[in-house]
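Everything below concerns the one structure shown next.
The values are calculated or read from the model by the stated rules, or taken from the named source; none is laboratory data. As the structure is a prediction and not an experimental result, all values here were calculated from the model. Here the Cβ positions follow ideal geometry from the backbone for every residue, glycine too, while neighbour counts run over all protein chains shown. These area figures cover heavy atoms from the full protein model, side chains too; ligands, DNA and RNA do not enter into them. Shrake-Rupley method; radii C 1.70, N 1.55, O 1.52, S 1.80 Å.
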Amino acid sequence: MVNTIIKIHKKNHSFICDQHLVLFLILTTGIKLAIFNAIVIKVTWPTNQYIYGVIFGFLSAGILFSPLYFISKHKRKLAIILALLISTLLLVDNIYFSYFATIPNVSQLGILGQAADVGPAINGLLNWLYLLYFIDIALVAIFARPIIKYFEKIKEKHNLHKPGHKMSLASLIFTVFLTGLALLLVGPNRLNQVINSGYDTPSTAQYYGVIGAHAVDITRFINEETTNLSTEQKNTVADWVKNNKPTQKNNAMTGLAKGKNVIIIQVESLGGFVINQKVNNQEITPNLNKLSQNSQFFPNDRFIIGEGHTSDTDFVVNSSYFPISDAAVFVRYGKDDFTSLPKTLIANGYSAEAYHGFNRNFWNRNTAFTSLGYQKFYAADDYPKLATINMGLNDGDFLSKTAEYIQAQPKPSLSYAITLSSHTPFEITNLTNGLDINTNDYPYLVGGYLQNINYTDRMLGEFFTKLKSEGLYDDSLIVVYGDHTPVLPAFKAGTIDYNPDSTQQKEVPLLIKLPNETTGKTYQNTGTHMDIMPTILDLLDIKTNQLMFGQSLFAEGSTDLKVCTDQLITFNSTNDCKNMLNIEKNMSDEIIRYNLFNILPQ
């Protein structure tokens with residue numbers, strides 16, 4: 001009995017001596033993964049789920065390094081390489097999360113070439129503290145030789161022998177224990193639910209750790225790319241659409257813009273918290289303030305984005321479909337046969353053109369805009385090579401040239417313009433420096449944002465003046481809204497008291513100016529960007545039988561908007577609004593993922 005205990009004791013000593021580097025890197029990697037969950041993602045779910053995320057961080061580290069237990073040659077090199085790869089992944093995840101408030105997924109590999117385009121913004125997010133992700137590797141590099149000599153002396157002192165190609169008992173037990181514990185905590189039913197439910201990567205990481213979130217994302221991506229719907233499944237979707245699709249009904253606003261041009265201006269990072277506000281007794285957005293008094297004004301419209309960010313707003317506004325939480329629709333499904341606003345208007349005699357002062361392939365817009373039905377897409381290569389602000393051509397020159405393009409469009413026309421100067425990192429230049437403020441008086445990025453959004457507002461004012469001179473302003477239905485809110489810390493400035501943890505972070509202004517309108521109205525109904533397309537069709541009195549998940553913001557009576565607990569909208573009248581909303585999202589996802597637009601009943 002004593003001899004047996006001594007043998008086991010020696011085997012365990014031998015295991016520790018042989019695997020000391022692997023065990024050290026498991027510990028440090030687990031700590032880094034736990035810190036990533038606790039500090040970068042933060043606690044957004046109940047505490048027990050946060051604890052699970054930390055546990056899975058250590059488990060995933062142990063499982064990833066476990067094959068090295070059974071390798072004798074090049075063990076140290078392979079361990080360091082693996083640790084380096086994981087640390088690099090965490091660095092990329094951290095920077096990406098700081099910029100987009102989400103974790104990148106495998107579907108976005110197709111847009112890696114865009115990294116150079118957002119380089120200035122990313123550079124502003126870099127922090128020397130990120131080097132701590134590699135501190136354990138640096139310690140290994142510095143102290144490797146003395147530590148190796150130390151464990152060699154222990155082995156010699158206790159007469160321990162290398163296990164060679166035989167698996168030590170401790171190695172086997174440790175590997176089986178980690179794998180078994182992970183499977184026990186996950187459970188096959190729960191894992192299957194997560195893979196198929198479409199949770200976003202931060203939510204998955206909160207529960208399963210960041211490595212687990214990437215594993216789930218890769219599994220989901222493979223499943224999606226290799227799975228097709230059966231005829232019966234396609235018929236189920238078609239039947240649901242037939243039985244649940246809302247009908248367009250007339251109201252007091254129907255047809256007030258019939259036959260008129262449509263001009264849509266999507267303003268980069270325009271948050272509702274700056275409209276009708278002042279700083280140092282100066283209006284931040286004087287032109288939009290004036291427009292809000294002379295238009296149908298929705299101060300608390302909600303944007304809906306997934307992994308595609310601004311491009312998801314393009315998609316949602318032009319299609320009235322939900323975005324996808326784990327993919328950029330334009331990138332992965334840009335060639336779909338979308339039903340859309342431009343296609344509907346073209347079928348009713350309109351021309352349709354889109355405008356953006358940036359790379360035409362960014363977010364795969366060149367392909368996706370064609371799929372949406374736009375007849376021409378004017379991008380950076382169609383504009384003068386003049387001063388850039390942040391990511392693209394300055395809004396002044398962009399909007400001035402765009403007004404000329406709109407004037408030349410066959411009428412009636414749909415014109416869709418996307419501004420860019422108020423994009424992070426909110427660079428302050430001679431062009432944007434219009435407010436009399438000291439940017440050092442505000443938290444990081446805040447002063448730059450106020451200057452940039454003020455500049456864009458001034459350029460919108462000049463754009464409206466040019467439209468008036470060309471006779472387009474009063475002859476058009478003009479729609480202006482923010483694509484999403486900016487990523488800013490809490491701050492106070494003049495009459496602004498911004499709290500990113502409140503609904504302010506979700507609200508953007510939506511302004512709809514009717515032709516020849518001089519007196520406006522403010523609404524407090526909480527609509528979303530999905531409602532913009534059906535609202536435009538309602539004002540134009542254009543009927544369509546295609547599926548739209550949004551509804552006219554002017555709907556009345558039984559067709560009034562239904563607001564769910566998470567502030568999204570469902571068109572179906574039901575007591576269980578939240579459940580119906582989830583069903584609608586799932587149906588929208590399936591139609592997009594499997595390109596079922598052409599099989600839907602019209």
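Could you pull out every residue, at least 5 positions away or on a different chain, whose amide H is within less than 5 Å of the one on residue 423? Hs are placed 1.01 Å off N in the peptide plane, and Pro or chain starts have none.
391
Counting only the backbone N, which residues of the stretch 325-351 are under 18 Å from the spot 7 Å out from the Cα of residue 228 toward its beta-carbon?
So the set is 336-337.
Taking R0 as 45 Å, what FRET efficiency do you get between residue 522 and residue 586 from their Cβ-Cβ distance, rounded to the nearest 0.05?
0.85
What figure in square angstrom, to the nearest 10, would you give for the accessible area of residue 437 with a 1.4 Å probe?
Roll a 1.4 Å probe over it and residue 437 shows about 30 Å².
Charges on Cβ only, +1 for Lys and Arg, -1 for Asp and Glu, centred on the Cα centroid of the stretch 264-359; of 288, 265, 344, which one is farthest towards the dipole's positive end?
The residue sitting farthest along the positive end of the dipole is 288.
Once both labels are modelled 7 Å past Cα along the beta-carbon direction, what's the residue 81-residue 35 spacing in nm?
Taking the simple label geometry, residue 81 and residue 35 are separated by 2.6 nm.
Can you pick out the pairs among 343/521; 258/343; 249/578; 521/585 whose Cα atoms lie more than 26 Å from each other?
343/521; 521/585
Can you compute the FRET efficiency between residue 88 and residue 441 using 1/(1 + (r/R0)^6), with r the Cβ-Cβ distance and R0 = 30 Å? Round to the nearest 0.05.
0.20
Heavy atoms only, 1.4 Å probe, whole protein assembly: order 358, 221 by accessible area, highest first.
Of 358, 221, the descending order of accessible area is 221, 358.
Quick one: how many lysine pairs in the stretch 353-501 have C-alpha atoms under 30 angstrom apart, if they're 8 or more apart or on different chains?
14
So how much slack lies between residue 251 and residue 382, counting 0.36 nm per residue of separation and subtracting their Cα-Cα distance, in nm?
43.1 nm
By the gyration tensor of its Cα atoms, with a ≥ b ≥ c the square roots of the eigenvalues, what is the shape of the stretch 311-417: rounded for a/c under 1.5, prolate for a/b over b/c, or oblate?
Oblate.
So for each of 51-64, 236-249 I average, over its residues, the number of other beta carbons within 10 Å; can you give me the resulting order with the highest mean first?
Ranked by mean Cβ neighbours within 10 Å, highest first: 51-64, 236-249.
Counting only residues 5 or more places away or on other chains, whose amide H sits under 5 Å from the amide H of residue 105 once H atoms are built in the peptide plane?
Long-range HN contacts for residue 105: none found.
7 Å from Cα along Cα→Cβ at both residue 469 and residue 429: what's the point-to-point distance in nm?
2.2 nm
Please enumerate, by chain and number, the aspartates and glutamates with C-alpha under 17 Å from the C-alpha of residue 75, excluding those fewer than 8 residues away in the same chain.
18, 136, 152
Let me understand the stretch 446-506 better: what is its radius of gyration from the alpha carbons, and its Dmax, in angstrom?
Using the Cα atoms of the stretch 446-506, the pair Rg, Dmax is 15.3, 43 Å.
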